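The values are calculated or read from the model by the stated rules, or taken from the named source; none is laboratory data. Being a predicted model, the structure only gives us computed values, none of them experimental. Neighbour counts run over all protein chains shown; Cβ positions are idealised from the backbone, glycine included.
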Amino acid sequence: MLKTLPEATPGSRRTHQPIRRKSYLRGREGAFWRPVDRRDLEQILHAAARYDLAGKQPGQRNGPLGQVGLQVLALLAHKVNRKTGQLDPAITFLMARLKRSRDAIVRALKALRDHGFLDWLRRYVPTGNETGPQVQQTSNAYRLSMPDRSRRLLGWRAAPAPLPDDFTHDQGRRTAERDAMMADMHPVDRAVAGVEDEGLAAVLASLGHAMFLKKERESAERSESEVVSIS
């Protein structure tokens with residue numbers, strides 16, 4: 001299950017852990033988003049429904065994606081900007097539109113990602129604060145996709161078939177795309193991207209960004225002083 005940032009409550013102590021590990025600066029999505037046409041979206045939804053039905057075990061109420069997963073996928077397909085591929089709704093938006101709990105939405109998103117119909121990038125934005133956390137988490141950037149193992153289920157002649165367990169191709173593609181994103185990351189984020197402990201990574205990222213801002217201010221002050229001395 002995806003972990004969420006702790007919510008502040010009156011009198012609670014600040015965690016100073018504003019972002020999650022492997023988060024990207026908003027606006028640096030790069031090639032992650034890509035245009036998508038209506039036919040592609042319809043095929044993804046059709047394949048997802050067939051995939052869920054094919055993977056449903058006897059006696060079970062839901063398949064691997066579940067009813068909520070299919071609803072979330074349909075809503076995302078409706079919200080995506082087909083020209084640019086931009087898709088970044090907040091979880092609270094999905095909760096309100098589908099009238100589902102946060103836990104149900106989070107579990108549905110994870111199921112869609114685990115089975116290859118959805119991918120996302122965690123993102124953050126600068127706070128603009130000179131003291132305290134320099135960045136904070138914002139909504140994820142999402143992207144719909146068609147997993148190779150479900151493509152065969154499309155078409156009127158397709159029949160439910162055993163679902164292969166080989167995720168190597170999909171994982172390799174995602175890894176290559178994430179490597180490309182890493183190359184465009186801020187040096188601080190790239191340095192802490194491999195830190196496994198989320199709390200430690202968040203603290204290091206916050207401190208790193210604070211140091212960068214401090215150096216930039218000091219550099220600007222020195223430049224102003226030199227200009228005044230010359231004058």
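Some notes on this structure:
- Residue identified as over 18 Å from the mean Cα position of the chain (by Cα) and buried (at least 19 other Cβ atoms within 10 Å of the Cβ) among L94, L109, L153: L153
- Residues satisfying the stated conditions in region 10-59, i.e. exposed (fewer than 11 other Cβ atoms within 10 Å of the Cβ), modelled with pLDDT of 90 or more and in a helix (DSSP H, G or I): R38, R39
- Residue match in region 82-99 (condition: in a loop (DSSP other than H, G, I, E, B) and small (G, A, S)): yes
- Among the numbered conditions (1) touching a residue at least 24 places away in the same chain (Cβ under 8 Å); (2) touching a Pro at 6+ places or on another chain (Cβ under 9 Å), the only one that P89 does not meet is (2).
- Checking the stated criteria, Q71 turns out to be within 19 Å of L112 (Cα to Cα), of a type outside the set (A, V, I, L, M, F, W, C) and touching a residue at least 24 places away in the same chain (Cβ under 8 Å).
- Y124 being of a type outside the set (A, V, I, L, M), at pLDDT below 95 and over 21 Å from S150 (Cα atoms): yes
- Screening region 116-155 for residues that are in a loop (DSSP other than H, G, I, E, B) and touching a Ser or Thr at 6+ places or on another chain (Cβ under 7 Å) and picking the one that is nearest to V36 (Cα to Cα) gives F117.
- Selection of region 68-83 for residues being over 15 Å from K110 (Cβ atoms) and not charged (D, E, K, R) yields A74, L75, A77, H78, V80, N81.
- Yes/no for A48 being within 21 Å of the chain's Cα centre (by Cα) and within 22 Å of T138 (Cβ to Cβ): no
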